[in-house]
Amino acid sequence: MTRALIVVDMTYDFLADDGALTCGLPGQQAVQPVLDLLREFAETGELIVFACDAHTVDDPEFALWPPHCVIGTKGAMLYGQLADFYNRHQSDRVRYLPKTKYDAFFDTPLADWLTADQATEVTVVGVCTSICCYATALGAYCRGFSITSDPAAMADLTKEAHDFAVNHMQNVLKAEMINRLS
Ligand code: ZN
């Protein structure tokens, strides 16, 4: 069994106090658990993918959400220590993947990367739990990958949405939740 870590949308706009679509404090509290996972996967040389929204200014998604993660802006950059980690470790084992939809598999090479790496299990963390983490976990499930996550390493716009999505991932995607804080 080979694992890969997919870190979803841990960008300035989703995490900073003044981000355009921020999860605020719960999102910021997920940073350290994500960093712990990053260190673990980096030590073993397992594949790490930072899957991040990267929208053009006229993206159709902005009919639904306020403009966020526009290519070339601060909002689209990885947040805080996550940017430091990526800058230090960037390689063929630690990759950045721009995406335009919730599901990081949609119209991206992610599935090819995982297959080339012979990955069978993906660990999906980041934000928002019920939107891009869930959609990416669904994309993984539909392609036959087994899924793990950690509720402490995800966050959402509301606690209700987070809790629902954690349960939903377990119930319909057979995701195994590893809670390092318990
Ligand atoms: Zn978006």
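Where a number appears in this text, it was derived from the coordinates with a stated rule and is not lab data. What you see is a predicted model; the values in this text were computed from it and never measured. Methodologically, a virtual Cβ is constructed for each residue, glycine included, from the backbone with ideal geometry; neighbour enumeration extends over all protein chains shown.
General observations
- Whole-number percent relative contact order across the chain, with pairs defined as alpha carbons under 8 Å at least 6 apart: 27 percent
- D_trans [Stokes-Einstein, Kirkwood Rh over alpha-carbon pairs] for the range 44-104, 25 °C, 0.890 mPa s, µm² s⁻¹: 194 µm²/s
- Rounded Å value of the spacing that divides the Cα centres of the range 148-163 and the range 58-134: 17 Å
- Within the same chain, lysines fewer than 8 places from Lys101 are excluded, and of the rest, those with a Cα less than 22 Å from its Cα are Lys74.
- Convex hull volume per residue in cubic angstrom - Cα atoms of the range 12-113: 102 Å³
- In plain terms, if you count all Cα to Cα distances in the chain and split them into 5 Å steps from zero, the share in each step is 1, 9, 19, 23, 23, 16, 7, 1, 0 percent.
- Aspartates and glutamates whose Cα lies under 19 Å from that of Lys159, excluding same-chain neighbours fewer than 8 positions away: Asp9, Asp13, Asp17, Asp150
- Using the Cβ-Cβ distance between Thr44 and Asp18 with R0 set to 25 Å, the FRET efficiency from 1/(1 + (r/R0)^6) comes to roughly 0.10.
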